[in-house]
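Asks: Sharing a structure below in structure tokens format, with a few things to ask.
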Amino acid sequence: MPLQSLLDSLWSNIVEASKILYQALYKTPLVYSNLLSKATGCNVYLKLENLQVTNAFKARGAYFKIYKSIDIARKAGVIAASTGNHAQGVAYSASVLGVEATIFMPETTPPAKINAVKRYGAKVVLHGEIFDDAYRKAVEVAKETGALFVHPFDDPYIIGGQGTIGIEIAEQLSNVDAVLVAIGGGGLISGIGIALKRLKPGVKVIGVEPANAPKYFESRKAGKIMEIEPKPSIADAVVTKSIGELTYSVMNEVVDDVVIVDEELIAEAIYMLLDKAKVVAEGAGALPLAALLSGRLDLKRKNVVLVISGGNIDPTILHRVIMRGLVHERRTAVVSIALRDVPGELRKAVNILYKYRCNIVDIRHDRFSLRTPVGYALVEIVFEAPEPDVIDKVRKELSEIGYLIE
Ligand SMILES: Cc1ncc(COP(=O)(O)O)c(C=O)c1O
């Protein structure tokens, strides 16, 4: 199909999706963040897809796809392969539309992810060691049974559903200058990009990928679809080997720029969204803020929308990100000190912390490992400080009663 007719037909899918989706999904809020605007020098607006059903945008595409093929879905059910947000989006949409869903996942999938899908009534089939095995099996079973296979991104109806976010943004912020969107397989940014280029032609659409999985970044550079060997990322939802064929042609038309960001910056962005905007984002959902923090974009004083595409972050990962953020901001500190192994030394250390009104979070004591000098006890203290400069005072006084270990 010629490119212009393809874009026209995808745009009509988006318009059609916007007429039916809200029977089952939310129009998510767009909120201005004062503190993030101050921190970045832009006018920052957050499009809160973490508040969408299943806490990610994914049900938009899945619902529209199943709705458009409802006869097949009723007869033979729907099938998808995913361990994450797509699985939940398909399971939710199938349950609302009254059809059976089967989700294929690798055998190594953690129980929490399996249960997240089962609670929407879907059947889960565990197959193979890695995701690719589960994916191949899902496609094979769909062919055998005639079930509707719901692709996570490379499908005109999936793009149609995801594009409704673009219509909402154009309605919610008439003077929007730029929209930042995470790229996994590219369905989300393709849909949003098509809608915005129709409704607000001057808007810049900027894609963001983790440096550990730069599929579109590499493909755009090479001028053809590149398959990469991704490394693990805290933005796990967008770690794929490649983008789609359909999404690649669309992205080349509607994406103005693509930025890659490292893991540190993604963690910092998750922490800032929590601390400054009280928004829970998963790694992929925080990519747009990470791009803004990277300093690679010239958007000062512009009206910038960050699509917070999902909030499904594992609480243990969130806990680690928060602790790192607190240490980075010097609200919490970790100090290791070798103290003489005689009664009363630990008490001296505790007294110093007490004097500066520091709250002890954890103390670990180690006398026996080989890294502890004989006659000493290694003590690691985690504490909250009332002011950042208190940490320096505490460290100085502690160094007077033992050896600080860096
Ligand atoms: C939270 C989140 N953000 C972004 C994406 C990327 O979407 P797409 O694969 O359509 O590019 C995904 C994909 O699963 C996701 O779950």
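Every read-out reported here was derived from the displayed coordinates using simple, explicitly stated rules and does not represent laboratory data. Everything quoted here is computed from the prediction, not taken from an experiment. All Cβ positions, glycine included, derive from the backbone under ideal geometry; neighbour counts span all protein chains shown.
Asks: Give the percent of DSSP beta bridges with both residues in the chain that are antiparallel, rounded to the nearest 5. Mind showing how you got there, number by number?
Replies: Working: 23 of 52 bridges.
Antiparallel: roughly 45 percent of the beta bridges in the chain.
Asks: Got a sec? How would Y92, Y248 order by Cβ neighbour count within 10 Å, fewest to most?
Replies: Values: Y92 25, Y248 21.
Placing the least packed residue first, the sequence is Y248, Y92.
Asks: Loop only by DSSP, 15 or fewer other Cβ within 10 Å of the Cβ. Give me the trypsin sites (Lys or Arg not before Pro) in the stretch 109-158 that pass, ordered by residue number.
Replies: On the way: sites: K113, K118, R119, K123, R136, K137, K143; in loops: R119.
Sparse-neighbourhood loop trypsin sites (Lys or Arg not before Pro): R119.
Asks: Per the Cauchy relation, a quarter of the hull surface: what is the mean projected area of the convex hull of the alpha carbons in the stretch 230-380, in nm²?
Replies: 13.4 nm²
Asks: Which residue fluctuates most in the GNM of the chain (Cα springs below 10 Å): G310, G207, G344?
Replies: Of the options given, G344 has the highest mean-square fluctuation.
Asks: At 222 nm, what helix-only mean residue ellipticity would the chain give, in deg cm²/dmol to the nearest 500, using -39500 (n - 2.57) for each DSSP H run of four or more? Provide the component values of the computation, followed by the final result.
Replies: Working: 16 runs with 189 residues, N = 406.
Roughly -14500 deg cm²/dmol at 222 nm, from the helical runs in the chain.
Asks: Can you sort D155, D341 by how many other beta carbons sit within 10 Å, fewest first? Let's see the in-between values first.
Replies: On the way: D155 22, D341 16.
So the residues, fewest neighbours to most, are D341, D155.
Asks: Under 37 °C and 0.692 mPa s, how fast does the chain diffuse according to Stokes-Einstein, given a Kirkwood radius computed over C-alpha pairs? Answer in µm²/s, whole number.
Replies: Working: Rh = 23.0 Å.
The estimated diffusion coefficient comes to 143 µm²/s.
Asks: While we're looking at this one, here's another question. Specify the residue with the greatest mean-square fluctuation among V124, V139, V394, computed from a Gaussian network of the chain linking alpha-carbon atoms under 10 Å apart.
Replies: Of V124, V139, V394, the Gaussian network model singles out V394 as fluctuating most.
Asks: Within a 10 angstrom radius of the beta carbon, how do M251, M226 rank from fewest other beta carbons to most? Walk me through the intermediate numbers first.
Replies: On the way: M251 23, M226 18.
Ascending Cβ contact count within 10 Å gives the list M226, M251.
Asks: Among A338, A170, A24, which one shows the biggest mean-square fluctuation in a GNM of the chain, springs joining Cα atoms closer than 10 Å?
Replies: The residue with the greatest mean-square fluctuation here is A338.
Asks: Right, another one. Mind putting a number on the dipole of the stretch 162-315 about its Cα centre? Charges go on the C-beta only, +1 for Lys and Arg and -1 for Asp and Glu, and I need it in Debye to the nearest 20.
Replies: Details: 16 positive and 20 negative charges, 115 e Å.
Dipole magnitude for the stretch 162-315 comes out near 560 debye.
Asks: Only four residue types carry charge here, +1 at the Cβ of Lys and Arg and -1 at the Cβ of Asp and Glu. Report the dipole size of the chain about the Cα centre in Debye, rounded to the nearest 20.
Replies: On the way: 48 positive and 46 negative charges, 166 e Å.
Here the chain has a charge dipole of around 800 debye.
Asks: Considering only I20, S294, P232, whose Cα is most displaced toward the positive end of the charge dipole of the chain, charges sitting on Cβ of Lys, Arg (+1) and Asp, Glu (-1)?
Replies: So the residue furthest toward the plus end is I20.
Asks: Here's another thing I want to ask about it. Applying 1/(1 + (r/R0)^6) with R0 = 25 Å to the Cβ-Cβ distance of E380 and D262, what FRET efficiency is obtained, to the nearest 0.05?
Replies: Numbers: r = 27 Å, r/R0 = 1.10.
Rounded to the nearest 0.05, the efficiency is 0.35.
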